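Notes follow once the structure below has been shown.
The values are calculated or read from the model by the stated rules, or taken from the named source; none is laboratory data. As the structure is a prediction and not an experimental result, all values here were calculated from the model. Cβ coordinates were reconstructed from backbone atoms using ideal geometry, including for glycine residues, and neighbour counts include every protein chain displayed. The accessibility values were calculated without ligands, DNA or RNA, using every heavy atom of the protein model including side chains. Shrake-Rupley method; radii C 1.70, N 1.55, O 1.52, S 1.80 Å.
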Amino acid sequence: MSDPLRRIDALAEEDTLPAPQVRQQLRLAAGLTQAEVAEAIGVKRLAVAQWEAGRAQPHRGNRRAYAHLLRKLAAKHPDAAVEETSNEG
C-alpha cells in the first residue's frame, strides 16, 4: 500500500490524527477558519493553531472530536488528505 493510502487509512481510526500539515490542508480545503474548527470542537482558536503547527496534541475528548471532523473533511476532500513530498534532490 502506498504511503498516501496509509495516511488516509489512519484517518479512519477513531482518534488517530494525520500529520499537522494535513490537518491544515483539510481545514483549508473545506474553507474553514481555525476559529470555526475551534468552535465546533469546543476549544480556543489557539488550540487549533497549535495542533496544526504540531506544537501540541488535543486531549482525549477533543482528540476524538477533532479526528472525527478530519475524517469527514478527508471524505469530502480526499486530495487534501495527502502529505506533500518534495522531489528536490
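Is it the case, given these coordinates, that Val82 is surrounded by 14 or more Cβ atoms within 10 Å (Cβ to Cβ) and at pLDDT below 85?
Yes: the conditions hold for Val82.
In region 32-77, what residues are open to solvent by 60 Å² or more (accessible area, probe 1.4 Å), over 13 Å from Pro20 (Cα atoms) and not charged (D, E, K, R)?
Scanning region 32-77 gives Thr33, Ala40, Gly42, Leu46, His59, His68, Ala75.
May I ask you to list the residues in region 49-61 that are part of a helix (DSSP H, G or I) and either in contact with a Cys (Cβ under 6 Å, 6 or more places away or on another chain) or more than 15 Å from Glu36 (Cβ to Cβ) (or both)?
Taking region 49-61 as the starting set, the residues that turn out to be part of a helix (DSSP H, G or I) are 49-53, 60-61.
The answer is Gln50, Ala53, Arg60, Gly61.
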